[in-house]
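Report on one structure; see the data block that follows.
The values are calculated or read from the model by the stated rules, or taken from the named source; none is laboratory data. Since the model is a prediction, treat every value here as computed from it, not as a measurement. When we count neighbours, we look across all protein chains shown, and the Cβ atoms used for this are built from the backbone with ideal geometry, even at glycine.
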Amino acid sequence: MRTITQTKLITYLSIFFTLFYNYTFFVNVIKVYPLATNLGFVISLAFVITFFLTLLLSLVSFKYTIKPLVITLLLVSSMTSYFMNSYHVVIDATMIRNMMQTNIHESLDLLSVKQVLYFLFFGLLPSYYVYKVKIESRGFKSELFAKLKLIMLSLVIVGVAIFSFSKYYTSFVREHKPLRFSVNPTYWIYSTGKYINLTFNSAPLVVKPIGLDAKIVEKSNRKKIVVMVVGEASRADHFSLNGYERDTNPLLAKEDIINFSNTYSCGTSTAVSVPCMFSKYDRSDYSYKKGISTENVVDVLKHTNDIAILWRDNNSDSKGVALRVPYEDYKIAKNNTDCAEGECRDEGMLVGLDKFIAQNKGKDIFIVLHQMGNHGPAYYKRYTKKFEKYTPVCQTNQLEECSQEEIANAYDNAILHTDYFLTKTVDMLKTYDTQYDTAMIYMSDHGESLGEDGIYLHGLPYFMAPDAQTHIGALMWFGEGMKKKVDTVALKKRADKKYTQDALFHTLLGLFDVQTKEYDKDMDMLKE
Ligand SMILES: [Zn+2]
């Protein structure tokens, strides 16, 4: 039998995998990106898959590991590709768990002739070749050099392919996430890792309480109602309040609001920003694990025992922030009375709040409304016809099919809708002005890219994210009673100062006059 070098074997195998084990993947891709108009992109995908695998294999194959590794990949992938092609299943962590819990007897029941043929031709036969072939020994130095060359080449090919079709890759990664689930063998390898991690590395989560000493120091007869609106993907520079040339805040402009023009987010995605803004950690200190295992400001407010708390969510969920307080899902028509054609409106969250306030008479009230806001890419779904001021709008969630102007039009119409929603929230609070000290705080979770430099949506690593993704819409409104306690004149004067979401934790504690050792006056936006 002839001999082959490690690098050649890796390259041939990667090509073999792309050609013969990814049938389902390419069928799915072509459904979304028809060949007639996307031939170049689909070919580039084949290159990306091939050389991504080359890269992975180069990193883990050595003289003695390459054969067992590759044979395992071939045997398992012949089966995963059989199941994907025949049953259109996704080999995710749950599926692997299912397979692990199936006994041999049940497995034999499933066995079919087709499956045996797959195993024979795509599993055993290529494995036999790998088993028999002699790997050329080139000595450590020249082997390392060859490996590095292959790694560099793979990186360049993957990089060039992605760069040349960057618009397509953006939509591929963001909107067509399920497509990746059928990449063989990378996805099942990923899922196996995830399964092992979930199964063997999930110590029960202990949440560290904070602010158990919290108490309200200023006990007046007038109680407070504070509504915190957590916005979604609204970037500061598309607010007319911040000087945007389009009048996107016509209603808020008529209210006595304080606009914070220079506020920055903690993360570039909902999953990072929302828990971070409510946590006591600042951006440099925050991590997912710290966030999920430490109580947040909502919990601290609860520890006072004097504040009635309610979290209503028209977004994905509270990202772990509202796990220990009353939570209501407003994406479902059962709770949200303002739903049509699969879209529930943010203003539906205001319905029935009067009941909650009445039920908690004699207590301070803290309500969080987590908006759907400007959730992309389907901005055009985020508002009703009466907000369609800027046209033509991008009517698809495949942003690469729209012009930048059409995308911005849809996005700005959604901002107009938020302008309306926030004003309605203020109007609701005004009806309580004689009995309560009221306030609304609005802060978006992160910004959004609208196609500048070919970048769309959000979620880029913070260090490389453009301003559009981190410079956020933020504002406050105070009722007459609250204005006696908050120096709004001074606050307006410093409203253009740079603030970050780190301030929210302390600002909420300050607003409710909560005393606790967790409170830092210097971080409170309302205190000079
Ligand atoms: Zn978000």
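Every condition in (1) outside any helix (DSSP H, G or I); (2) farther than 17 Å from Met443 by Cα holds for Gly291 except the one numbered (1). The set of residues in region 118-141 that are over 17 Å from Ile10 (Cα atoms) and charged (D, E, K, R) contains only Lys141. Would you mind finding the one in Ser279, Ser318, Ser261 that is crowded, with 19+ Cβ neighbours inside 10 Å and within 24 Å of Arg174 (Cβ to Cβ)? Being crowded, with 19+ Cβ neighbours inside 10 Å and within 24 Å of Arg174 (Cβ to Cβ) holds for just one of Ser279, Ser318, Ser261, which is Ser318.
Against the test of being in contact with a Leu (Cβ under 9 Å, 6 or more places away or on another chain) and of a type in the set (Lys, Arg), the options Lys424, Lys517 yield a single qualifying residue, Lys424.
Count of region 151-188 residues, restricted to those that are touching a residue at least 12 places away in the same chain (Cβ under 8 Å) and within 26 Å of Leu9 (Cα to Cα), is 16. Could you tell me which residue of region 463-475 is nearest to the ligand (Cβ to nearest atom), considering only residues that are closer than 16 Å to Ala503 by Cβ and surrounded by 23 or more Cβ atoms within 10 Å (Cβ to Cβ)? Filtering region 463-475 for residues that are closer than 16 Å to Ala503 by Cβ and surrounded by 23 or more Cβ atoms within 10 Å (Cβ to Cβ), the one nearest to the ligand (Cβ to nearest atom) comes out as Ile472. For region 264-308, taking the residues that are out of contact with any Ser or Thr (no Cβ under 7 Å at 6 or more places or on another chain) and hydroxyl-bearing (Ser, Thr, Tyr), the one that is nearest to the ligand (Cβ to nearest atom) is identified as Ser269. The one condition from (1) aliphatic (A, V, I, L, M); (2) out of contact with any Gly (no Cβ under 8 Å at 6 or more places or on another chain); (3) not in a helix (DSSP H, G or I) that Val158 does not meet is (3).
Assess whether Cys266 counts as being within 20 Å of the chain's Cα centre (by Cα), outside any loop (DSSP other than H, G, I, E, B), under 30 Å from Gly243 (Cβ atoms) and not charged (D, E, K, R). It is false that Cys266 is within 20 Å of the chain's Cα centre (by Cα), outside any loop (DSSP other than H, G, I, E, B), under 30 Å from Gly243 (Cβ atoms) and not charged (D, E, K, R). Each residue in region 220-241 was checked for being more than 16 Å from the ligand (Cβ to nearest atom), of a type outside the set (A, V, I, L, M) and under 28 Å from Leu457 (Cβ atoms), and 3 of them qualify. A single member of Val173, Val183 is assigned to a loop (DSSP other than H, G, I, E, B) and farther than 30 Å from Asn305 by Cβ, and it is Val183. Residues being crowded, with 19+ Cβ neighbours inside 10 Å, β-branched (Val, Ile, Thr), within 16 Å of the ligand (Cβ to nearest atom) and not in a helix (DSSP H, G or I) are entirely absent from region 194-216. Considering only residues in region 379-424 that are modelled with pLDDT under 95 and aromatic (Phe, Trp, Tyr), the one that is surrounded by the most Cβ atoms within 10 Å (Cβ to Cβ) turns out to be Tyr379. Among the candidates Lys219, Lys254, Lys208, Lys223, the residue that is closer than 22 Å to Asp487 by Cα and in contact with an Asp or Glu (Cβ under 8 Å, 6 or more places away or on another chain) is uniquely Lys223. Within region 316-327, residues that are at pLDDT below 95 have Cβ atoms under 9 Å from residues that are of a type in the set (S, T, N, Q) in these pairs: Ser316/Thr270; Lys319/Thr270; Lys319/Ser273; Gly320/Asn296, counting only partners at least 6 apart in sequence or on another chain.
Annotation: Asp427 fulfils all but one of (1) within 25 Å of Tyr169 (Cα to Cα); (2) modelled with pLDDT of 95 or more; (3) surrounded by fewer than 16 Cβ atoms within 10 Å (Cβ to Cβ); the unmet one is (1).
Could we say that Lys361 is within 16 Å of the ligand (Cβ to nearest atom), surrounded by fewer than 20 Cβ atoms within 10 Å (Cβ to Cβ) and basic (Lys, Arg) here? No; evaluated as a whole, the condition is false for this residue.
Among residues that are more than 16 Å from the ligand (Cβ to nearest atom) and within 20 Å of His238 (Cβ to Cβ), Tyr383 is included. Of the numbered criteria (1) more than 16 Å from the ligand (Cβ to nearest atom); (2) aliphatic (A, V, I, L, M); (3) assigned to a loop (DSSP other than H, G, I, E, B); (4) under 23 Å from His458 (Cα atoms), the one Met372 fails is (1). Being in contact (Cβ under 8 Å) with a residue 12 or more places away in the chain, surrounded by 17 or more Cβ atoms within 10 Å (Cβ to Cβ) and more than 29 Å from the chain's Cα centre (by Cα) is a property that holds for Gly481.
Of the helices (runs of 4 or more DSSP H) contained entirely in region 22-94, those carrying at least 1 residues that are under 26 Å from the mean Cα position of the chain (by Cα) fall at 23-32, 35-60.
Looking at region 424-462, which of its residues are over 21 Å from Thr270 (Cβ atoms) and either within 16 Å of the ligand (Cβ to nearest atom) or among the β-branched types (Val, Ile, Thr) (or both)? Selection gives Val426, Thr431, Thr434, Thr438. Is it the case that Gly193 is in contact (Cβ under 8 Å) with a residue 40 or more places away in the chain and out of contact with any helix residue (DSSP H, G or I) (no Cβ under 6 Å at 6 or more places or on another chain)? Considered against the rule, which asks whether it is in contact (Cβ under 8 Å) with a residue 40 or more places away in the chain and out of contact with any helix residue (DSSP H, G or I) (no Cβ under 6 Å at 6 or more places or on another chain), Gly193 comes out as no.
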